[in-house]
Amino acid sequence: MVKKEAVNFGKYKWPTKSQRYKKTHHEPVRTIITRSQSASSGSFFHRVPAEVFDMILDKLSVRDISVLSMVSKDITRTVVDYISTLAWRNKTVIQHFHQPSYLEQKSTIEHYKTLGILTKVFFLFCIALITAPHLSTCFKHICYGQGGVLLIPLQTLIAGWDELECHRVFNFLCELTNLLQKIEAVITAKPGWHQELQLRLFCRQVLLDPRPSQLERQFWLVQLLKPLPMVSQAHLLFILYGPLRPEGTLGWQDLVERGLPHVALWDLAKAILVLFDQVEVKGWTTDSMLAVLEELTVIPQPWHVENVARLLVLCGSNLCYTFLASKALSGRLTEISRLIVYIVLVCEKDGYHMNWPVKLVQQISKVFSTAPDKFCFIQELENMFSEVTREFFEFSVAGNHFDNREIFATLSILLDASAHFHANFIHMFLQQELHRFKEM
């Protein structure tokens, strides 16, 4: 009787000694190569001619290339070399953004979203897999054209990236453009250097202005300011958002010599609000923000008081109160009284309701804990109204004909402002007394 061989599926059968040394037929060639074998003998893609591999990539979409680049280190290098060619950039980067139809505009937006995915893949994987020159070449060829012209907006490429990824992008951008060194050179130079405008345009058009949300603008602005000392932070903030003169230069002395309209200070106020809105950012506190604002108002010399007051009005109630309350706690009553008088003047000039400075004074008075301290504050404020009015009158008498007209007009506005302020202040006081009387 012949013994049937036991069926033993799924188990490995060790060969006998004779089977190990006896070879009767050729085994099939292995097609799957392990990582260690690939390192020594070369992967499948190494055996494909470069021209053939480029033809394969030509047939793939940008999204497919992004996925393919994540397969291995070797493929990532090959893809970087491929997209670094001028032919690929001319084919992929759309030069004309004014599309005639909505569908074409939508298609262009989707196209750049896929380019953003490709860029993200390289920033996250190439940092670990590729040397800095490869990554630099990749970034330059994707984002920049000839002469360093930005072809693809940075915010389009990194839309939706988290904070850690954006930190990497910022660090690499600083390394690529020597941004921090250029900032230091501009800040340490004398005001009026032509490089100020170049720095302003680059930082605002590439990093700051295109941001769709305030949190994103805050992130990039904080990245620019954080490495600098407090005085340099204020200096850079002025360069980026300070008022421009008609000829295109920064109005350093204009803020010192005369009062400027609210349009000239609006960009600066918005930038300050961006920083003040979320003060829990790492390395950024309310005290640091107030210190920067304090330094800002003395660059290059102490500003005209009306400009300081107008900037505080544009910054809104919270920041204005915090700024003045910090001075009140430091005992600087004369300084905050003069600021409040000019805030009242600015509100009258720019058409703000006088209830706003009245409520501001009421809030600041609560900083003082005792009734004598509150009375001292109100008395100092009233004395300052008289002093500023007398100063304007003396200037109008001593100035030339043109200055007389301008200063006299300001004096008239100040008198109206004082009357409106005190009328609203007394009205508020009477309302509070009436309310207390009803509660009794």
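I'd like the Karplus ³J(HN,Hα) series for region 246-260: coefficients 6.51, -1.76, 1.60, θ = phi - 60°, whole numbers in Hz, and an x wherever there's a Gly or Pro.
Rounded to whole hertz, the list is x, 7, x, 9, 6, x, 4, 7, 4, 5, 8, 8, 8, x, 9.
Spelling out what I want: for every residue of region 227-240, take phi, set θ = phi - 60°, compute 6.51 cos²θ - 1.76 cosθ + 1.60 (Karplus), and round to whole Hz; glycine and proline get x.
So the Karplus estimates, Gly and Pro as x, are x, 9, x, 4, 5, 5, 4, 5, 4, 5, 4, 5, 4, 6 Hz.
Kindly list the residues of region 319-343 that lie in the label zone of GLN362, defined by a backbone N under 16 Å from the point 7 Å along the Cα-to-C-beta vector.
So the set is 321.
Given a cut-off of under 8 Å on Cα pairs at least six residues apart, what relative contact order in percent is computed for region 326-440? Kindly include the intermediate steps, with their values, before the conclusion.
Details: 81 pairs, mean separation 36.3, N = 115.
About 32 percent, as a whole number.
So how exposed is VAL263, as accessible area in Å² (1.4 Å probe, rounded to 10)?
Surface open to solvent at VAL263 totals about 110 Å².
Using only alpha carbon positions, build the gyration tensor of region 264-363, then give the equivalent ellipsoid semi-axes as the square roots of 5 times its eigenvalues, largest first, whole angstrom.
Working: eigenvalues 84, 46, 42 Å².
Working through the eigenvalues yields semi-axes of 20, 15, 14 Å.
Defining a contact as two alpha carbons under 8 Å apart and six or more residues distant in sequence, what relative contact order in percent does region 194-268 show?
On the way: 44 pairs, mean separation 21.1, N = 75.
Over region 194-268, the number comes to 28 percent.
How high is the relative contact order of region 176-311? Use alpha-carbon pairs under 8 Å, at least six apart in sequence, and give a whole percent. Can you show the working numbers first?
Details: 117 pairs, mean separation 36.3, N = 136.
Value for region 176-311: 27 percent.
Amide H of THR297 versus every other amide H placed in the peptide plane: which residues, excluding those fewer than 5 positions away on the same chain, fall under 5 Å?
The list, which skips near neighbours in sequence, is empty: none.
Which number gives the lysine pairs in region 316-434 that have C-alpha atoms under 15 Å apart and are eight or more places apart or on different chains? Write down the numbers at each step before the final one.
Numbers: LYS327/LYS366; LYS327/LYS374; LYS359/LYS374; LYS366/LYS374.
Lysine pairs meeting the criterion: 4.
Round to the nearest 0.05 the FRET efficiency obtained for PHE408 and GLU175 when R0 = 60 Å and r is the Cβ-Cβ distance.
Numbers: r = 57 Å, r/R0 = 0.96.
Step by step, r from the Cβ atoms, then E = 0.55.
Can you pull the accessible area of TRP88 for me, 1.4 Å probe, Å² to the nearest 10?
Its heavy atoms expose roughly 10 Å² to the probe.
May I ask which of LYS226/LYS270; LYS182/LYS270; LYS73/LYS226 have a Cα-Cα span longer than 27 Å here?
The answer is LYS73/LYS226.
Let's test the formula: R0 of 35 Å, r as the Cβ-Cβ distance of VAL71 and LYS226. What FRET efficiency results, to the nearest 0.05? Provide the component values of the computation, followed by the final result.
On the way: r = 38 Å, r/R0 = 1.07.
Plugging the Cβ-Cβ distance into 1/(1 + (r/R0)^6) gives 0.40.
What distance in nm separates the simple spin-label points at GLU380 and GLU247, each placed 7 Å from Cα in the Cβ direction?
Taking the two extended label points, one gets 4.2 nm.
Please compute the modelled spin-label separation between TRP193 and ARG390, points set 7 Å along Cα→Cβ, answer in nm with one decimal.
4.6 nm
Grab the Cα-Cα distance for HIS167 and MET428, subtract it from 0.36 nm times how many residues apart they are, and report the gain in nm with one decimal. Mind showing how you got there, number by number?
Working: separation 261, 0.36 × 261 = 93.96 nm, distance 5.01 nm.
Between HIS167 and MET428, full extension yields an extra 88.9 nm.
Residue by residue through region 299-311, which ³J(HN,Hα) values in whole Hz follow from phi under the Karplus form 6.51 cos²θ - 1.76 cosθ + 1.60 (θ = phi - 60°), with glycine and proline marked x?
With the stated coefficients, region 299-311 comes to 9, x, 9, x, 5, 4, 4, 5, 5, 4, 5, 5, 4 Hz.
The values are calculated or read from the model by the stated rules, or taken from the named source; none is laboratory data. Bear in mind that the values here come from a model prediction, so they are computed numbers and not experimental data. For neighbour counting, all protein chains shown are included, and Cβ atoms are generated from backbone atoms with ideal geometry for every residue, glycine included. Quick note on the areas: whole protein, heavy atoms, side chains included, nothing else; ligands and nucleic acids left out. Shrake-Rupley method; radii C 1.70, N 1.55, O 1.52, S 1.80 Å.
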